[in-house]
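Participant: The structure is given below, and queries will be raised subsequently.
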Amino acid sequence: MELREAMSTLRAVRRLQSEPIPRELVSRLFEAATWAPTGGNAQPWRAIAVMAAEPKARLAELYAARWTDYAAGNRRLLADADEETRIAVGKALDAGDYLAEHLHEVPLIAVFCFDPKRMAITDIDQGRPSVVGGGSVYPAVQNFLLAARAEGLGCVLTTLLCQDEPEVKSLLGIPDGWGTCAHVPVGWPVRGGHGPIRRRPVREMVYVDGWGRCLA
Ligand SMILES: Cc1cc2nc3c(=O)[nH]c(=O)nc-3n(C[C@H](O)[C@H](O)[C@H](O)COP(=O)(O)O)c2cc1C
């Protein structure tokens, strides 16, 4: 499919069927991930395609506990939001409930891992949370999401399980020194799948020649 169409319709798809994804297709999704840039071309990430019932069930159990807390907090905040936000966020939270209840059934959970020792983390001394290291993993995750979208597969980047990193590492045999940064459920959509997204316009996001002057 056309790249701009894929990018502009890549939304979170949380209602996924349990039908298996052919191995060759799973490989193709990860191949797209390997094409992403990384600092110094160090390629300091690996991914685990979790497809077996047992580890998926444990990941789902951990995820459901995290989601329940997260969703309750968000629903409380929604009480003060405007109607448009209440409707949009309410729908996303309902879809999130569905994912949390059905995560063990999805055919694939892609767990992305990184080795911080092999990352060029150039903002480490800035006295704020560092983000540059993530730049050597998340482009690979985005390529993976786009490849899934192009194949008509639904997916969503999730990070709630990063709070359970020690348990996830032990479950999947991830070595010492490695971290986890994304858990991506993938499957054929139950409903329409990808489609229109709500984002701020370019003029609110991008400035010209210094902070504050709009591009468009
Ligand atoms: C860094 C990051 C972490 C996210 N973590 C989760 C998550 O743990 N669970 C979830 O359901 N969605 C998660 N999302 C998906 C976002 O909620 C979603 O992309 C956003 O609300 C926009 O929705 P849309 O893509 O459908 O337009 C995450 C997205 C990003 C980029």
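The values are calculated or read from the model by the stated rules, or taken from the named source; none is laboratory data. Just so you know, these numbers come straight off a predicted model, no measurement behind them. We place every Cβ from the backbone using ideal geometry, glycine too, and count neighbours over all the protein chains shown. SASA here: full protein model, heavy atoms, side chains in, ligands and nucleic acids out. Shrake-Rupley method; radii C 1.70, N 1.55, O 1.52, S 1.80 Å.
Participant: Checking the a/c ratio against 1.5 first, then a/b against b/c, what shape does the Cα gyration tensor give for the stretch 168-216?
Facilitator: oblate
Participant: Still on this structure, I have one more. Hey, can you find the accessible area per residue of the stretch 1-158 for me, probe 1.4 Å, expressed in square angstrom?
Facilitator: Per residue, the stretch 1-158 has 54 Å² of solvent-accessible surface.
Participant: Percent of accessible area on the stretch 68-132 owned by carbon and sulfur, 1.4 Å probe?
Facilitator: The nonpolar share, carbon plus sulfur, comes to 55 percent.
Participant: How do GLU204, GLU83 stack up against each other in accessible area, from largest to smallest, with a 1.4 angstrom probe?
Facilitator: Reading off the accessible areas and sorting them downward yields GLU83, GLU204.
Participant: If you average the sequence gap of Cα pairs under 8 Å that are 6 or more apart and divide by the length of the chain, what percent do you get for the contact order?
Facilitator: 35 percent
Participant: A further question follows. Calculated from DSSP H runs of 4 or more alone, at -39500 (n - 2.57) each and per residue, what is the 222 nm mean residue ellipticity of the chain, nearest 500?
Facilitator: Rounded to the nearest 500, the figure is -13000 deg cm²/dmol.
Participant: Now for a separate question. So for the pair ASP123, GLU31, with labels modelled 7 Å out along Cα→Cβ, what separation do we get in nm?
Facilitator: 3.4 nm
Participant: Test of understanding: in a Gaussian network model of the chain with alpha carbons linked when under 10 Å, which of THR158, THR34, THR68 would top the mean-square fluctuation ranking?
Facilitator: THR68
Participant: So, one more: Which cross-chain or sequence-distant (5 or more) residues have an amide H under 5 Å from the amide H of LEU108, H modelled 1.01 Å from N in plane?
Facilitator: For LEU108, the qualifying residues are VAL186.
Participant: Using a probe of 1.4 angstrom, how much of the accessible area of the stretch 167-216 is carbon and sulfur, in percent?
Facilitator: So the carbon and sulfur contribution to the accessible surface is 53 percent.
Participant: Remind me, relative contact order of the stretch 143-216 in percent, using alpha carbon pairs under 8 angstrom and six or more residues apart?
Facilitator: 30 percent
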